[in-house]
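Peer 1: Sharing a structure with you now.
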Amino acid sequence: MTPIQMVDLQRQYRKIKPEIDEAIQTVINSAAFVKGAQVEQFARHLESYTGAKHVIPVANGTEALQIALMALGLKPGDEVITPTFTFIATAEVVALLGLTPVVVDVEWGTMNMSVEAVRKAITPKTKAIVPVHLFGQCADIEPLLSLAREHNLYIVEDTAQAIGAKYTFSDGRTAQAGTIGEIGCTSFFPSKNLGCYGDGGALFTNDDELAQRIRIIANHGMTIRYHHDMIGVNSRLDTIQAAILDTKLPHLDEYIAARQRAAEYYDKVFAGCDKILIPERSRNSTHVFHQYTLRITGANRDAVREALTKAGVPAMVYYPIPLHMQKAYQDARYKQGDFPVAERLAACVLSLPMHTELDDEQLSYITEQVLNAVKS
Ligand SMILES: *Cc1c(COP(=O)(O)O)cnc(C)c1O
């Protein structure tokens, strides 16, 4: 059996090696390492794939979030609502910009932001909601949109884990994750569903004016060369990374299908086990399985993880500490117990190997080891 990894990027590369090597070599030959033609070319291709009117590539997903909040003109003191059960990036950029992060609890089943919790967290100072489409499935964005309209708030979607996921509105209309709010932010970190071979990210928007502001901010706030009209940052996607992404983008749908196939295999085996809960599917979103995350309810999660590691099955805890319990984000407004669902999830979630190269032999071994581990 091929050794099992959380993410097997080597095997994925080997299948497309000639295309990738050629794309990289072309960039090196041109020496256009920054702002090469491949960057805009990839952006246009990602626009057609996602349906976003504008895709603006940047250096990484965290900076995409920061640039989004800068482009919306948020000011110190403005409150931004984000889930407490997620990666740190959303709260981090809010704090760095001097905005006030307001965290809310999530749903037990989908692990995504609770709309009810958002409703309760809105104050006159609230300016934006940053839903995270966690683990590859859209947060319930339609009711969030109505809330945002009602209270005049922006929505910035963190779609770092959900590129390609599709949301269906109550009228039957569908849209891709990241193209629904004012701005969507994604990451091309190597292990993401569309990953490059280093760091990368992008912003999506359907608004021409916002797109213009985003481009200016990402380029030192520069309108005409050496004329700086706004405070900006330096955030660029390398040409080599763009060339790699442009080569991988045509494979994204088959990558998603491979992840969904592995998830179905997991589901079938685990559905009958009363010690674990499989990830719940949202009614109105497809799931692109950036992670396949179990909730271990009938056994000790850390013991299960240890047993798996011993058996050669890597498993990870995304995320062990909710944002409101992080040391750097200690805040008199929040204490342990305030967000019981997130705290319970942090104690019981376990993500299994999930990538495009999992074969039946590996899936059979992983599932067998998980069942053994939860029963012992
Ligand atoms: C990966 C990730 C980010 C940050 O992306 P980087 O490219 O690593 O900066 C932000 N939010 C979520 C939910 C992520 O998973």
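The values are calculated or read from the model by the stated rules, or taken from the named source; none is laboratory data. Values in this document were obtained by computation on a predicted structure and should not be read as measured data. FYI the Cβ positions are ideal-geometry reconstructions off the backbone, even for glycines, and counts take in every protein chain you see.
Peer 1: Could you check Lys120 against (1) surrounded by fewer than 20 Cβ atoms within 10 Å (Cβ to Cβ); (2) at negative phi; (3) assigned to a loop (DSSP other than H, G, I, E, B); (4) not aliphatic (A, V, I, L, M) and say which number it fails?
Peer 2: Result: Lys120 passes all but (3).
Peer 1: Next up: Only one of Ile141, Ile183, Ile163 is buried (at least 21 other Cβ atoms within 10 Å of the Cβ) and free of Cβ contacts under 8 Å to residues at least 60 places away in the same chain; which? Full working, then the answer.
Peer 2: Working: Ile183 fails: free of Cβ contacts under 8 Å to residues at least 60 places away in the same chain; Ile163 fails: free of Cβ contacts under 8 Å to residues at least 60 places away in the same chain.
So the residue among Ile141, Ile183, Ile163 that is buried (at least 21 other Cβ atoms within 10 Å of the Cβ) and free of Cβ contacts under 8 Å to residues at least 60 places away in the same chain is Ile141.
Peer 1: Residues that are away from the ligand (no atom under 16 Å from the Cβ), at least 2 per element: which strands (runs of 3 or more DSSP E) completely within the range 1-105 meet that?
Peer 2: Details: elements: 54-58, 79-83, 100-104.
In the range 1-105, the matching strands (runs of 3 or more DSSP E) lie at 100-104.
Peer 1: I'd like to verify a number: residues in the range 202-233 that are part of a loop (DSSP other than H, G, I, E, B) and not aromatic (Phe, Trp, Tyr), how many?
Peer 2: Here is the first cut: in the range 202-233, the residues part of a loop (DSSP other than H, G, I, E, B) are 206-207, 220-221, 223-227, 229-233.
Narrowing the set further to residues that are not aromatic (Phe, Trp, Tyr) leaves 206-207, 220-221, 223-225, 227, 229-233.
Total meeting the criteria: 13.
Peer 1: Yes or no: the range 363-373 includes at least one residue that is surrounded by 14 or more Cβ atoms within 10 Å (Cβ to Cβ), in a loop (DSSP other than H, G, I, E, B), touching a residue at least 12 places away in the same chain (Cβ under 8 Å) and not assigned by TED's automatic domain parsing to the domain that holds Pro190.
Peer 2: Step one: list which residues in the range 363-373 are surrounded by 14 or more Cβ atoms within 10 Å (Cβ to Cβ), which gives 363, 365-367, 369-371, 373.
Keeping just the survivors that are in a loop (DSSP other than H, G, I, E, B) gives none.
Within the range 363-373 (the criterion being surrounded by 14 or more Cβ atoms within 10 Å (Cβ to Cβ), in a loop (DSSP other than H, G, I, E, B), touching a residue at least 12 places away in the same chain (Cβ under 8 Å) and not assigned by TED's automatic domain parsing to the domain that holds Pro190), the answer is no, since none of the residues qualifies.
Residues are listed down the side, and each one gets a yes or a no for (1) hydrophobic (A, V, I, L, M, F, W, C); (2) under 18 Å from Ala160 (Cβ atoms); (3) assigned by TED's automatic domain parsing to the domain that holds Lys35:
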residue	(1), (2), (3)
Ser187	no, yes, yes
Asn234	no, no, yes
Ala262	yes, no, no
Lys268	no, no, no
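Peer 1: Oh, and also: Any idea how many residues of the range 156-201 are more than 9 Å from the ligand (Cβ to nearest atom) and in a loop (DSSP other than H, G, I, E, B)?
Peer 2: Pass one, the range 156-201, residues more than 9 Å from the ligand (Cβ to nearest atom): 156-157, 163-184, 190, 193-198.
This time we only want the ones that are in a loop (DSSP other than H, G, I, E, B), so: 163-165, 169-173, 177-182, 190, 193-198.
Going through the range 156-201 one residue at a time, the tally reaches 21.
Peer 1: Also, quick follow-up: Among all residue pairs at least 6 apart or on different chains, which show Cβ distances below 9 Å where the first residue, located in the range 272-295, is outside the structural domain of Phe188 (by TED's automatic domain parsing) and the second is surrounded by fewer than 21 Cβ atoms within 10 Å (Cβ to Cβ) and at pLDDT below 95?
Peer 2: From the range 272-295, the pairs are Cys273/Lys375; Lys275/Lys375; Ile278/Ala271.
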